[in-house]
There are 2 protein chains.
Amino acid sequence: MTQRMKATVSYDGTHFSGFQVQEKNRTVQGELEKALMKIHKGQPIRIQASGRTDAGVHARGQVIHFDTELRMGDYNWRKALNTLLADDVRITDITEAEEGFHARYSVKRKQYKYFVHNAPEQDVFKRHYVHHVPYQLETSRIQQAIKAIEGTHDFSAFCSARTGVKGDKIRTIYGAVCEKQEDMLVFTFTGSGFLYNMVRILAGTLIDIGNGRKEPEDMARILASKDRHEASKTAAASGLCLWKVDY
Amino acid sequence: MTQRMKATVSYDGTHFSGFQVQEKNRTVQGELEKALMKIHKGQPIRIQASGRTDAGVHARGQVIHFDTELRMGDYNWRKALNTLLADDVRITDITEAEEGFHARYSVKRKQYKYFVHNAPEQDVFKRHYVHHVPYQLETSRIQQAIKAIEGTHDFSAFCSARTGVKGDKIRTIYGAVCEKQEDMLVFTFTGSGFLYNMVRILAGTLIDIGNGRKEPEDMARILASKDRHEASKTAAASGLCLWKVDY
């Protein structure tokens with residue numbers, strides 16, 4: 001009998017060409033499916049994720065599911081997969097999924113964090129996991145602006161033009177917070193869902209507000225414009241981390 | 001007129017074959033001297049460091065000096081060097097050295113930190129900067145044992161047999177501390193000087209004590225034995241970081 005397994009996956013996106021499987025490049029999905037195929041003695045196993053992440057984007061709490069006829073207990077599943085996977089992707093939790101669970105369709109909330117390292121010089125230990133901004137950012141300006149993002153809005157202004165997705169651009173953001181931790185600014189966004197590049201465009205715009213190129217009041221105006229050209233540049237992939245997915 | 005410059009250097013040791021220059025492999029000294037040679041229009045500039053670090057070992061506060069006839073101000077020195085260096089090595093501070101300063105001979109105290117990640121699974125974001133221990137370590141046992149290291153001792157038991165250095169093995173450790181920070185154990189050693197692989201052999205021994213393979217009381221006994229075979233295996237280079245050098 002087929003059983004659906006739910007797994008939490010952590011990955012360092014630095015050396016991946018994103019999550020979604022590609023023919024030639026190394027992807028998280030590709031690596032996971034290769035490991036699962038080995039465990040299933042050559043039988044291909046497809047995984048479903050809560051959503052994709054781009055090249056260079058990290059995850060602490062990506063969630064996937066797959067269907068299997070194998071039974072081996074949660075501990076053995078974790079060990080078997082982690083033994084086969086390279087050390088930049090880890091299964092941190094795996095268990096039998098509840099009836100009707102779907103990694104993508106059952107998502108209730110997602111949380112992303114965006115890490116900005118605000119210091120004159122890059123930090124060699126953080127460089128792959130942050131977006132480095134050498135000029136001074138004013139936290140209070142960002143904290144004022146970020147509040148405008150909370151609530152239900154049409155986020156067209158913060159959606160990449162390259163999106164292939166049809167349908168409305170209305171999403172609900174339950175929380176948008178900026179915290180200062182020493183020389184790091186951490187933006188945390190919790191929402192019902194996110195558009196393509198949405199967090200990185202929000203981050204780029206908040207950085208411009210922190211630097212004085214835009215005003216804190218501009219955030220609401222840009223949101224209302226629904227025009228991608230009003231928002232700032234997409235901030236670096238390295239600063240973004242899919243932190244948590246709630247079901 | 002020649003001026004001596006003192007610089008603080010931070011590096012991610014992961015992709016370096018150690019500090020000291022080698023003919024074929026990428027080293028921190030090699031990269032720094034290459035950058036300095038470019039700034040000096042092809043003139044070779046030799047650097048002196050507070051000491052070497054091994055392949056895979058990191059530094060937050062390595063200190064170097066070099067002599068130059070160029071004058072350009074501290075800010076410009078830092079910018080010029082960091083522009084030429086790859087992003088896994090950074091000059092965090094550079095200034096004119098005081099009369100008689102020598103990066104190696106003027107050292108008063110050095111501080112090393114050793115990071116142990118104690119969790120069932122590796123962390124993809126920490127993997128290059130820690131030594132991962134999957135089985136449980138008892139912090140209190142390590143905290144008891146580490147105190148025996150403080151003071152002036154003959155550290156022969158904690159010196160690699162591969163050392164080429166002649167002379168006595170007596171060193172003074174001003175502080176040896178183990179702190180628990182979530183799933184990390186951080187060992188901090190502050191001393192007058194350290195023998196070859198000393199911190200990594202101390203760390204390996206402390207891990208064995210934390211795990212119950214050795215007893216906390218064994219630390220003093222091993223120290224007194226002056227016998228390298230009594231101590232444990234050299235712990236991984238990735239966990240070690242040269243934190244600070246005082247003059």
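Looking at region B:209-218, can you tell me whether even one residue there is farther than 23 Å from B:Asn118 by Cβ, in contact with a helix residue (DSSP H, G or I) (Cβ under 8 Å, 6 or more places away or on another chain) and either of a type outside the set (Ser, Thr, Tyr) or without any contact (Cβ under 8 Å) to a residue 24 or more places away in the chain (or both)? No, region B:209-218 has no match at all. Look at region A:1-26: where a residue is within 20 Å of A:Ser50 (Cβ to Cβ) and a partner is assigned to a loop (DSSP other than H, G, I, E, B) and among the basic types (Lys, Arg), sitting 6+ places away or on another chain with Cβ atoms under 8 Å, you get A:Gln3/A:Arg71; A:Asp12/B:Arg127; A:Phe16/A:Arg26; A:Ser17/A:Arg26; A:Gly18/A:Arg52; A:Phe19/A:Arg52; A:Gln20/A:Arg52.
Only residues that are aliphatic (A, V, I, L, M), surrounded by fewer than 19 Cβ atoms within 10 Å (Cβ to Cβ) and under 15 Å from B:Ala224 (Cα atoms): list them for region B:151-183, please. Quick ask: steps written out before the conclusion?
Quick first cut of region B:151-183, residues aliphatic (A, V, I, L, M) only: B:157, B:161, B:165, B:170, B:173, B:176-177.
After this cut, where a residue has to be surrounded by fewer than 19 Cβ atoms within 10 Å (Cβ to Cβ) as well, the list is B:161, B:165, B:170, B:177.
The one that is aliphatic (A, V, I, L, M), surrounded by fewer than 19 Cβ atoms within 10 Å (Cβ to Cβ) and under 15 Å from B:Ala224 (Cα atoms): B:Ile170.
Taking the condition of being of a type in the set (Phe, Trp, Tyr) and buried (at least 20 other Cβ atoms within 10 Å of the Cβ), how many residues in region A:98-116 meet it? Break it down stepwise before answering.
First, pick out the residues of region A:98-116 that are of a type in the set (Phe, Trp, Tyr): A:101, A:105, A:112, A:114-115.
Adding the requirement that they be buried (at least 20 other Cβ atoms within 10 Å of the Cβ) leaves A:112, A:114-115.
Residues that pass the stated criteria total 3.
Check region A:106-116 and report whether any residue there is within 14 Å of chain B (Cβ to nearest Cβ), out of contact with any Cys (no Cβ under 6 Å at 6 or more places or on another chain) and at pLDDT 95 or above. There is at least one residue in region A:106-116 that is within 14 Å of chain B (Cβ to nearest Cβ), out of contact with any Cys (no Cβ under 6 Å at 6 or more places or on another chain) and at pLDDT 95 or above. Filtering region B:27-42 to residues that are open to solvent by 10 Å² or more (accessible area, probe 1.4 Å), in contact (Cβ under 8 Å) with a residue 40 or more places away in the chain and either touching a strand residue (DSSP E or B) at 6+ places or on another chain (Cβ under 7 Å) or in a loop (DSSP other than H, G, I, E, B) (or both) leaves only B:Glu31.
Does A:Ala220 satisfy being of a type outside the set (D, E, K, R), under 20 Å from A:Thr152 (Cβ atoms) and buried (at least 18 other Cβ atoms within 10 Å of the Cβ)? Spell out how you get there, then give the answer.
Working: of a type outside the set (D, E, K, R): yes; under 20 Å from A:Thr152 (Cβ atoms): yes; buried (at least 18 other Cβ atoms within 10 Å of the Cβ): no.
Criteria not met by A:Ala220.
Hey, can you tell me all the residues within region A:174-206 that are under 17 Å from A:Ala235 (Cα atoms) and part of a loop (DSSP other than H, G, I, E, B)? Residues satisfying the conditions are A:Phe194, A:Leu195, A:Tyr196, A:Asn197. Selection within region A:43-65: residues that are within 14 Å of chain B (Cβ to nearest Cβ) and open to solvent by less than 20 Å² (accessible area, probe 1.4 Å). The member of this set that is farthest from A:Tyr112 (Cα to Cα) is A:Gly56. Of the strands (runs of 3 or more DSSP E) lying entirely inside region B:58-163, those containing at least 3 residues that are within 23 Å of the chain's Cα centre (by Cα) and among the charged types (D, E, K, R) are B:109-118. Can you pull out every residue in region B:87-97 that is surrounded by fewer than 16 Cβ atoms within 10 Å (Cβ to Cβ) and either at the interface with chain A (Cβ under 9 Å from one of its Cβ atoms) or of a type in the set (A, V, I, L, M) (or both)? Selection gives B:Asp87 alone. Candidates in region A:217-246 are the residues that are aliphatic (A, V, I, L, M) and assigned to a helix (DSSP H, G or I); of these, the one that is farthest from A:Gly151 (Cα to Cα) is A:Ala237.
Does B:Ile209 satisfy the criteria of being outside the structural domain of B:His65 (by TED's automatic domain parsing), outside any loop (DSSP other than H, G, I, E, B) and out of contact with any Cys (no Cβ under 8 Å at 6 or more places or on another chain)? Talk me through it step by step, then tell me what you get.
Details: outside the structural domain of B:His65 (by TED's automatic domain parsing): yes; outside any loop (DSSP other than H, G, I, E, B): yes; out of contact with any Cys (no Cβ under 8 Å at 6 or more places or on another chain): yes.
Yes; evaluated as a whole, the condition is true for this residue.
For region B:72-86, a tally of residues being touching a strand residue (DSSP E or B) at 6+ places or on another chain (Cβ under 7 Å) and either of a type in the set (S, T, N, Q) or more than 13 Å from every other protein chain (Cβ to nearest Cβ) (or both) returns 1.
If only residues of region A:4-20 that are part of a strand (DSSP E or B) and more than 14 Å from chain B (Cβ to nearest Cβ) are counted, the one that is nearest to A:Val107 (Cα to Cα) is A:Lys6. Exactly one residue out of A:Thr139, A:Thr68, A:Thr95 is polar (S, T, N, Q), in contact with an Asp or Glu (Cβ under 7 Å, 6 or more places away or on another chain) and over 21 Å from B:Tyr129 (Cα atoms): that is A:Thr95.
Mind telling me which of the residues B:Ala119, B:Ala148, B:Ala203 ends up being among the small types (Gly, Ala, Ser), buried (at least 16 other Cβ atoms within 10 Å of the Cβ) and within 14 Å of chain A (Cβ to nearest Cβ)? Testing whether each residue is among the small types (Gly, Ala, Ser), buried (at least 16 other Cβ atoms within 10 Å of the Cβ) and within 14 Å of chain A (Cβ to nearest Cβ) leaves just B:Ala119.
So, of the residues in region B:126-138 that are within 11 Å of chain A (Cβ to nearest Cβ) and open to solvent by 30 Å² or more (accessible area, probe 1.4 Å), which turns out to be farthest from A:Leu240 (Cα to Cα)? Top of the filtered list is B:Pro134.
The values are calculated or read from the model by the stated rules, or taken from the named source; none is laboratory data. Note that this is a predicted model, so its numbers are computed, not measured. Positions of Cβ are backbone-derived with ideal geometry, glycine not excepted, and every protein chain shown enters the neighbour counts. Side chains are part of the model used for accessible areas, which takes the heavy atoms of the whole protein and leaves out ligands, DNA and RNA. Shrake-Rupley method; radii C 1.70, N 1.55, O 1.52, S 1.80 Å.
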